[in-house]
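Data block below; observations after.
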């Protein structure tokens, strides 16, 4: 069976509102379940692809700061 996880995740959230997306992200982080990491990765990939260079620099700065804590 050919399962494209990326497409499945995007299809699962494609009709979600901002509130739904936020709830999904918060739930994934709060649950701490490893199985949620691929979904967060796909959402981050989409954010990255849609971000400007300045926004990418800001995200990288925030990631760096978070890793130093």
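At a glance:
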| item | result |
| --- | --- |
| Helix-derived mean residue ellipticity, 222 nm - over the chain, DSSP H n ≥ 4, -39500 (n - 2.57), to 500 | -23500 deg cm²/dmol |
| Helix axis angle, 18-31 relative to the chain longest principal axis, alpha carbon, degrees | 80 |
| Share of pairwise Cα separations in the chain, more than 19 Å, in percent | 45 |
| C-alpha long axis of helix 37-49 to longest principal axis of the chain, angle in ° | 60 |
| Mean Cβ count within 10 Å, highest first, over the residues of peptides 19-27, 38-46 | 38-46, 19-27 |
| The chain: angle of helix 53-67 to the longest principal axis, Cα-based, in degrees nearest 10 | 80 |
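Read-outs throughout are calculated quantities, based only on the coordinates presented, and are distinct from any laboratory measurement. Quick caveat: nothing in here was measured; it's all calculated off a predicted structure. Cβ coordinates were reconstructed from backbone atoms using ideal geometry, including for glycine residues, and neighbour counts include every protein chain displayed.
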